[in-house]
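Colleague: My questions will all concern the structure given below.
The values are calculated or read from the model by the stated rules, or taken from the named source; none is laboratory data. All of these numbers come straight from a predicted model, not from anything done at the bench. Note that we place each Cβ from the backbone using ideal geometry, even for glycine, and neighbour counts take in every protein chain shown. For accessibility, only protein heavy atoms count, side chains too; no ligands or nucleic acids. Shrake-Rupley method; radii C 1.70, N 1.55, O 1.52, S 1.80 Å.
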Amino acid sequence: MKAAVPCYYHLDVEVSPERVGQVRRILAAHLRYWNLETLVESVCHCAEALLHTIDEHAADKNTTVEMWWNGSHLITAVSDNDQDLRPHNAPQGCLAQIAALSDGWGCCATGAGGKIIWFSWRARSAERAPLVPTGPMPSLREARRAPRRVTLPAAVLAAPLGDREAAVAVR
């Protein structure tokens, strides 16, 4: 099994209804690039729910979305700078969806008065291996192709069987 390379993605975005769909597509593209196809729907759904909540309730629409992949865990964090919207005031439907879809989640305050809501999944990246096992490598005899037709000189063909080796060696 190949060791997974740690990956990180950071996106600063000003949230609007049009941007939510764009961010979803960007996150999905990065997850597919990291071979995490199985997590695309749930990660994008959770991020989309948080972005919609920020769009509807926050005065400051500047938001940061980050994803970390270490080979066994994917962590996605959405942070904003709005001091009015605290995690305990966020709509419970959004956090309930995140809790239901993720393996773990949490929130913490930032030094600037905002908050970070994160969620994580345990996963393995997909191996890029063929689904059907490959056959064994051919042996040397099978791999070397014998010539289909060898043109022999007339002198070799006219010589008796015992003398053919001598006739070939003379040529």
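Colleague: Which members of the stretch 15-41 meet the condition of being within 11 Å of Leu51 (Cβ to Cβ) and not in a helix (DSSP H, G or I)?
Modeller: Result: Val15, Ser16.
Colleague: Check Glu66, Glu48 and return the single one that is among the acidic types (Asp, Glu), assigned to a strand (DSSP E or B) and under 29 Å from Pro6 (Cβ atoms).
Modeller: On inspection, the qualifying residue turns out to be Glu66.
Colleague: With the condition kept exactly as written, say whether any residue in the stretch 62-69 is closer than 18 Å to Asp12 by Cβ, in contact with a Pro (Cβ under 8 Å, 6 or more places away or on another chain), open to solvent by 40 Å² or more (accessible area, probe 1.4 Å) and modelled with pLDDT of 85 or more.
Modeller: Within the stretch 62-69 (the criterion being closer than 18 Å to Asp12 by Cβ, in contact with a Pro (Cβ under 8 Å, 6 or more places away or on another chain), open to solvent by 40 Å² or more (accessible area, probe 1.4 Å) and modelled with pLDDT of 85 or more), the answer is yes, since at least one residue qualifies.
Colleague: What tally of residues in the stretch 31-49 results from selecting those that are within 10 Å of the chain's Cα centre (by Cα), open to solvent by 10 Å² or more (accessible area, probe 1.4 Å) and closer than 20 Å to Asp103 by Cα?
Modeller: Qualifying residue count, the stretch 31-49: 6.
Colleague: Being open to solvent by 80 Å² or more (accessible area, probe 1.4 Å), part of a helix (DSSP H, G or I), out of contact with any strand residue (DSSP E or B) (no Cβ under 7 Å at 6 or more places or on another chain) and within 23 Å of Ala112 (Cα to Cα) is the requirement here; does Glu56 meet it?
Modeller: Criteria met by Glu56.
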